[in-house]
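The block underneath contains the structure these notes are about, expressed in structure tokens.
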Amino acid sequence: MAEGVRYVCAHCGKAIEAWSDGNPYYLDARGRKQYVYHPDPRRSAGCIGNDSPHLCLACGEAFMIDSRSPTPRCPTCGSLDLADPPPPRVKGKASDCPDANWP
């Protein structure tokens, strides 16, 4: 069963939430993503992709990367310095919280 995880910076209180198995999805008739979570029976039958949470260590942006079209760059600042899954177990990396501490 998937586990919901909530990471909170001990310094600034910024929170990032993620599912232990990401965000699996299928495309509906209109081509739109429909997320399927455990224990939905469509989960194993029709999922074609998974959006997984990432954190940019340069600017602090939290965003999803699609397994069907992965991008190695932050959509906000273009940095390649990303953490997957968040949070990074490092201090002071994200510029929006210079003393970031993800316990």
Original post:
In Å, what is the Rg of the alpha-carbon atoms in segment 4-83, and how long is Dmax?
Top reply: 14.4, 45
Subject >> Label-point separation, ILE48 to CYS77 (7 Å along Cα→Cβ), nm >> reply: 3.5 nm
Original post:
Going 7 Å from the Cα of SER69 in the Cα-to-Cβ direction, what parts of segment 5-31 have a backbone nitrogen less than 19 Å from that spot?
Top reply: 23-31
**OP:** Treat every Asp and Glu Cβ in segment 4-83 as -1 and every Lys and Arg Cβ as +1, leave all other atoms uncharged, and give the resulting dipole magnitude about the Cα centre to the nearest 20 debye.
**Re:** 200 debye
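No value in this document is a laboratory result; all are computed from the given coordinates. Just so it is clear, the structure is predicted and the values come from calculations on it, not from any experiment. Ideal geometry is used to build each Cβ from the backbone, glycine not excepted, and the neighbour counts take in all protein chains shown.
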